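> Dropping a structure here in structure tokens format, bear with me for questions.
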Amino acid sequence: MFQSLERIFVSLALLILLVFTLGDTVVDAQNGDSPIMLFVDLLGFLLQTIPLLYIWYFQPITAWRASYRLAAQAKRKSADVRYWSDIARKQLNGLSIHIDAQFEQWSLTPAETDVALLLLKGFSMREIADLRHISERTARQQATTVYAKADVNGRTALSAFFLEDLLPPNRQGSRATRDGDAELMTKTGDTNDRLQPANS
């Protein structure tokens, strides 16, 4: 594709060539050249107009069509991104509502709810204590109470309780029990976050 400045220079050169070719054809006609020679000159003149047509007509159309296709593709991709973002946001909002309802069903206190959310987000006991401005011992006591009310054995089992709702059903169409998943996850989990009595 020619750039703007190149198009101008090439077009000027072609126009000059066309003028000379046309002038030569006119002179040959006045000198009584044979029709075949005049036809050859005219054919050469017409062939020289093809680059001009390409530069000023076909090239802009081709560039416009390419730009239109790119714009259409970008628009479709943007629509797809918005669509899946909306779905993800709705899923997350639904999960948040489900978590809040489950916490309420477990009768967690506001402090225990905060600790449970931080546990689900992956914060360590020290980080939870720092964020809530409490001692690490208190954070562990509250986490222990959360595990007891949820009837799970640790952080991993607590996360698995809610993660199961995000996973597709198994091929048999039946849902594995939370107790079995929790037991399996707890066996491979971090022993520091398992249910244990607080240090006195």
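> What nm distance separates the two modelled labels at Asp24 and Trp56, each placed 7 Å from Cα along Cα→Cβ?
2.2
> Ok, one more. Expected output is a single nm value to one decimal: the length gained when fully extending between Val81 and Ser11, i.e. 0.36 nm times separation in residues minus the C-alpha distance. What is it?
Numbers: separation 70, 0.36 × 70 = 25.20 nm, distance 4.40 nm.
Fully extending the segment from Val81 to Ser11 adds 20.8 nm.
> Also: Accessible area, 1.4 Å probe, largest first: how do Phe58, Phe162 sort?
Sorted by accessible area, descending: Phe58, Phe162.
> Multiply the residue separation of Gln73 and His133 by 0.36 nm, subtract the distance between their alpha-carbon atoms, and state the gained length in nm to one decimal.
Working: separation 60, 0.36 × 60 = 21.60 nm, distance 5.06 nm.
Length gained, Gln73 through His133: 16.5 nm.
> Quick one: which of 70-83, 108-121 comes out on top by average Cβ neighbours within 10 Å, and what's the full order, highest first?
Values: 70-83: 10.0, 108-121: 17.6.
So the peptides 70-83, 108-121, ranked by packing, come out 108-121, 70-83.
> Continuing with this model, one more query. Zone of Ala111 (label point 7 Å along Cα→Cβ, backbone N under 15 Å): which residues in region 132-153?
Counting backbone N atoms under 15 Å from the label point, the list is 132-147.
The values are calculated or read from the model by the stated rules, or taken from the named source; none is laboratory data. From a predicted model like this one, the values you see are computed outputs, not experimental measurements. In this analysis, Cβ positions are derived from the backbone assuming ideal geometry, glycine residues included, and neighbour counts consider all displayed protein chains. Just so you know, the surface numbers come from the protein's heavy atoms only, side chains and all, with ligands and any DNA or RNA stripped out. Shrake-Rupley method; radii C 1.70, N 1.55, O 1.52, S 1.80 Å.
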